[in-house]
Amino acid sequence: MKRLALWVALLLAMLAPQVAAHFQLIHAEHYLRARGGSVTLNMPFTHPSHGAPMMAMTAKPLAFTQQHRGKQTDLSASLQPINWHAPNGTDSAPAWQAEVKFRRLGDYVFNLTPAPYYEASEDKYIQQFTKVIFNVGGLPSDWDQPSGAAFEIMPDIAPYGVYAGGLFSGTVQVAGKPYPHAEIEVEYLNHALRADNSGFMPKAQIIYPAPSLNIQTIKADANGRFQFVPPVAGYWGFAALDLDQEQQYEGKALSQDAVLWIQAHALSPQHLPSLVTAASPKSQAQ
């Protein structure tokens with residue numbers, strides 16, 4: 001029995017990294033939209049590759065803003081507490097939600113500053129400054145403009161228009177300046193939303209080749225720039241970790257992270273030129 005307990009402990013230690021990636025979300029499906037209208041933005045704090053375990057967001061976020069055509073609007077009053085459900089249909093945790101309206105063409109940049117969350121397993125607080133960008137009508141306007149967040153990932157390509165298998169890159173910034181050699185966790189949102197925006201659907205989108213590969217860890221260069229190729233279509237989160245290592249909260253370490261969500265799109269065959277062409281009579285004769 002002692003040997004079995006030892007093996008279980010070792011297995012749990014090996015699998016620990018797969019549950020270490022906390023990701024704050026601001027999410028509604030389809031970041032690229034043909035027209036405007038009302039949209040429900042869901043803001044759970046969870047592990048996107050499995051849809052759980054979830055972290056309880058009991059405290060109201062400190063800030064929630066929208067930037068459109070250079071104008072920033074405080075949307076804090078639109079935040080509503082909800083109970084967010086895990087894919088298994090039984091587990092749930094407090095989260096936040098907001099109804100917003102896309103009234104004009106262009107980009108809508110949303111930034112959320114949650115209250116620090118205490119992670120007991122690490123005996124520290126986590127605060128993820130989270131950004132997502134929606135586009136209406138295909139007209140770009142704000143995606144490449146800083147939002148003024150203290151911790152921010154600035155994309156090099158519109159994050160709602162990335163191709164699966166194509167290169168995505170960006171720069172980690174602190175107070176508007178590049179942050180060198182940041183460690184960045186990358187994770188796939190592996191569950192679709194329920195139709196009533198109350199949580200995640202049970203079915204996973206992809207299967208990982210190994211339990212530890214639900215998280216990719218990459219490093220920014222000396223100029224704060226990083227690159228990543230999303231292998232499949234869907235929603236990918238980038239979390240640049242612990243960008244102010246001297247910060248404390250309630251007498252404990254506070255990891256302040258910059259999070260950006262992107263949507264990668266698949267190209268269907270009809271969008272690609274044919275790689276097989278009919279042979280000319282001359283080539284056939286040869």
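The values are calculated or read from the model by the stated rules, or taken from the named source; none is laboratory data. Note that this is a predicted model, so its numbers are computed, not measured. Backbone-built Cβ (ideal geometry, glycine too); neighbour counts: all protein chains shown.
General observations
- Note on region 57-96: among residues that are aliphatic (A, V, I, L, M) and without any contact (Cβ under 8 Å) to a residue 60 or more places away in the chain, the one that is farthest from Ile215 (Cα to Cα) is Ala77.
- Per the listing Leu254, Leu260, Leu267, the residue uniquely closer than 23 Å to Tyr118 by Cα and either assigned to a loop (DSSP other than H, G, I, E, B) or more than 18 Å from the chain's Cα centre (by Cα) (or both) is Leu254.
- Any hit, region 200-208, residues being out of contact with any Lys or Arg (no Cβ under 6 Å at 6 or more places or on another chain), of a type in the set (Lys, Arg), closer than 29 Å to Gln80 by Cα and not in a strand (DSSP E or B): no
- Residue count, region 63-79 (criterion: touching a strand residue (DSSP E or B) at 6+ places or on another chain (Cβ under 7 Å) and among the charged types (D, E, K, R)): 2
- Test: residue in region 121-137 that is over 20 Å from Gln66 (Cα atoms), modelled with pLDDT of 95 or more and not in a strand (DSSP E or B): yes
- Selection over region 159-188 of residues that are of a type in the set (Phe, Trp, Tyr), in a strand (DSSP E or B) and surrounded by fewer than 21 Cβ atoms within 10 Å (Cβ to Cβ) gives a count of 1.
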